[in-house]
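This report refers to the structure that appears directly beneath it.
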Amino acid sequence: MEINIKLMTEEAYVTLQKNYKDVFEQIKMHPSDCTWLGEYLGFEPFESKKYTIEDFNLLDSENYEEVMQDNS
C-alpha cells in the first residue's frame, strides 16, 4: 500500500518557530484548520512524501485501552 503524507517543510517550521507569538494568535483564531499557514508564510508550508507500508488491520474494542498499544 502506498500512502501520501504531507509533512511541514524545514523552512516553514523554522519560520513559525521564530514567530511563535504571532503563530499562537493565528492558531487561536483558526483552531481547526491550517489554511492560514500558506498566506502567513508566503509559500507552501507542506511537502508530499510517499511511504510504502505493509497492509494492517486495527483492533477494535469497547475499551480502547485494551488495544491501544497494539494499534499504535
Practice task
Would you confirm whether any residue within region 53-71 is among the hydroxyl-bearing types (S, T, Y) and closer than 24 Å to K18 by Cα?
Solution key: no
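When the residues of region 1-10 are filtered to those that are touching a strand residue (DSSP E or B) at 6+ places or on another chain (Cβ under 9 Å) and loosely packed, with under 10 Cβ neighbours inside 10 Å, which remaining residue is modelled with the lowest pLDDT?
In this case the residue turns out to be M1.
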Exercise for the section: Examine region 11-32 for a residue that is modelled with pLDDT under 95, open to solvent by 100 Å² or more (accessible area, probe 1.4 Å) and assigned to a loop (DSSP other than H, G, I, E, B), and state whether such a residue exists. Expected result: yes
Exercise for the section: Within region 45-64, track down each residue that is surrounded by 10 or more Cβ atoms within 10 Å (Cβ to Cβ) and under 14 Å from the mean Cα position of the chain (by Cα). Expected result: P45, F46, E47, K49
Completion exercise
Note on region 40-57: residues within 15 Å of I5 (Cα to Cα) and part of a loop (DSSP other than H, G, I, E, B) are E44, P45, I53
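The values are calculated or read from the model by the stated rules, or taken from the named source; none is laboratory data. On a predicted model such as this, the values are computed, not experimentally measured, just so you know. Here Cβ is always computed from backbone atoms with ideal geometry, including for glycine, and neighbour counts include all displayed protein chains. Just the protein is used for accessible areas: all its heavy atoms, side chains included, with ligands, DNA and RNA removed. Shrake-Rupley method; radii C 1.70, N 1.55, O 1.52, S 1.80 Å.
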